[in-house]
Amino acid sequence: MSLPPVSTETLGHLSDEPVDGGPAGGGKGKGSIVGKSPIQIALSRLLHDKVAVLCLIVVVLFALIAVFADALMKLFGVTTDTVRPIGLIDQLGGGLPLIGPPNNGFDPEHPFGIAPGTASDNLAYWLAGAQTSMMIAALATLVASVVGVTLGLLAGYAGGMVDRIISFFIDFFLTVPFLLAALTIAPIISERFGAEPNYPTIQRWTLITVLAMFGWMSIARLIRGEVLSLRERDFIQAARVLGMPTRRILVRELLPNLVAPIVVSVSLMLPTFVAAEAGLSFLGLGVTDGKSWGQIISNATDYFQTYPLYLYEPLLGIVLLVVALNLLGDAIRDALDPKTRR
């Protein structure tokens, strides 16, 4: 018994029927399928993630505050210089300010109030602290990323003795306690450069160096593992057969395939450095000129019972920025993972 011939009406919709009213034959109609690159797919996922978009707005806002901190101080009419008389402080009332919170109403000239004991403007130091934290964290992340990616590429691709030497340094720096190293370096820098007029600048660059020196290992190990897998792929073998220089293979062939892990590592490294900078400044090992959120928190702990707002202002800034960066990093990781469906 022979089967009846298959009608074109049965299979037509699988091949040449227009989608959503578009032209037949695969034309670019309203519902035609358009190819997208992995970056376009990742950006589309991020833009459809409401939490990621909100976190991105917060991070961009803090970045703008850091870049235009001086202009914002002029806009609000505040400064980090203590130009107000010490008479604004109640010497008999625990050093609390006589204007603004905690015992007086809102003062439009000092939107965040003034600091107890010194009469310095809290908003000015909050803006300067945001600038310090973002600058130190961004530069330390940049240096650590460049060093880590470079050494990871060399170790993974070269192998042999080069891989063993770089892996030794990775393991060595991972075994050195970060806090112990900071405790050792801080007094040396203070004794050597404490009398210099640009000592605050030296402190900042020292902190950037310390953070980068103990932050490159994780990204270097990650890149090394990825390169060990990629170097055996057919396109790398073909590049070798064609006589392509090693530098070109590393930069033009391997590096573009490592964009996703690099972006994820950088997005997660940045909030770590923001928190580390504030923590070291709180302990007196980082920025000690007062223009740091950690230093403000250190000064505010003595007034927590009587003036909690003085502590909450920098603390909320740190928490909001770190949480936004962490959530944004997680969203970027999920968006760049082809196996993730959100």
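The values are calculated or read from the model by the stated rules, or taken from the named source; none is laboratory data. These numbers were taken from a predicted model, which means no experiment stands behind them. Note that each Cβ is placed from the backbone with ideal geometry, even for glycine, and that neighbours are counted across all protein chains shown.
Report, by residue number, each residue of region 91-106 that is over 16 Å from Glu313 (Cα atoms) and either part of a loop (DSSP other than H, G, I, E, B) or at pLDDT below 75 (or both).
Listed by number, the residues that qualify are Gln91, Leu92, Gly93, Gly94, Gly95, Leu98, Ile99, Asn103, Asn104, Gly105.
Of the residues Ala155, Ala144, which single one is at pLDDT 90 or above, among the aliphatic types (A, V, I, L, M), over 14 Å from the mean Cα position of the chain (by Cα) and buried (at least 20 other Cβ atoms within 10 Å of the Cβ)?
Exactly one residue qualifies, and that residue is Ala155.
Are any of the residues in region 257-267 among the polar types (S, T, N, Q), assigned to a helix (DSSP H, G or I) and free of Cβ contacts under 8 Å to residues at least 24 places away in the same chain?
No, there is no match, as no residue in region 257-267 is among the polar types (S, T, N, Q), assigned to a helix (DSSP H, G or I) and free of Cβ contacts under 8 Å to residues at least 24 places away in the same chain.
Would you mind telling me which numbered condition in (1) surrounded by fewer than 16 Cβ atoms within 10 Å (Cβ to Cβ); (2) more than 26 Å from Asp81 (Cβ to Cβ); (3) of a type in the set (D, E, K, R) Asp302 fails?
Status for Asp302: all satisfied but (2).
Could you please let me know if Asn257 is surrounded by 15 or more Cβ atoms within 10 Å (Cβ to Cβ) and under 27 Å from Met217 (Cα atoms)?
Against the criterion (surrounded by 15 or more Cβ atoms within 10 Å (Cβ to Cβ) and under 27 Å from Met217 (Cα atoms)), Asn257 qualifies.
Six or more apart or on different chains, Cβ atoms under 7 Å: show the pairs whose first residue is in region 119-146 and closer than 14 Å to Val266 by Cα and whose second is among the small types (Gly, Ala, Ser) and outside any helix (DSSP H, G or I).
Ala140/Gly215; Ala144/Gly215
Give me the residue from region 232-273 that is among the hydroxyl-bearing types (Ser, Thr, Tyr) and farther than 20 Å from Ala42 by Cα and, out of that set, nearest to the chain's Cα centre (by Cα).
Thr272
Would you please list the contacts, defined by Cβ atoms under 8 Å and residues six or more apart or on different chains, that run from a residue in region 196-218 that is without any contact (Cβ under 8 Å) to a residue 60 or more places away in the chain to a residue that is acidic (Asp, Glu) and surrounded by fewer than 20 Cβ atoms within 10 Å (Cβ to Cβ)?
Listed pairs, sorted by first residue: Ile202/Glu196.
I'm told Ala182 meets every condition in (1) in contact with a Leu (Cβ under 7 Å, 6 or more places away or on another chain); (2) modelled with pLDDT of 85 or more except one. Can you identify the failing condition by its number?
All conditions pass for Ala182, except number (2).
Here is a list: Gly286, Gly294. Which entry is touching a Leu at 6+ places or on another chain (Cβ under 8 Å), buried (at least 21 other Cβ atoms within 10 Å of the Cβ), at pLDDT below 90 and part of a helix (DSSP H, G or I)?
Gly294
If you go through region 107-140, how many residues are touching a strand residue (DSSP E or B) at 6+ places or on another chain (Cβ under 7 Å) and either under 21 Å from Thr209 (Cα atoms) or among the small types (Gly, Ala, Ser) (or both)?
Matching residues across region 107-140 total 4.
Check region 269-276 and report whether any residue there is touching a Phe, Trp or Tyr at 6+ places or on another chain (Cβ under 9 Å), in a helix (DSSP H, G or I), farther than 30 Å from Gly94 by Cα and among the small types (Gly, Ala, Ser).
Scanning region 269-276 turns up at least one residue that is touching a Phe, Trp or Tyr at 6+ places or on another chain (Cβ under 9 Å), in a helix (DSSP H, G or I), farther than 30 Å from Gly94 by Cα and among the small types (Gly, Ala, Ser).
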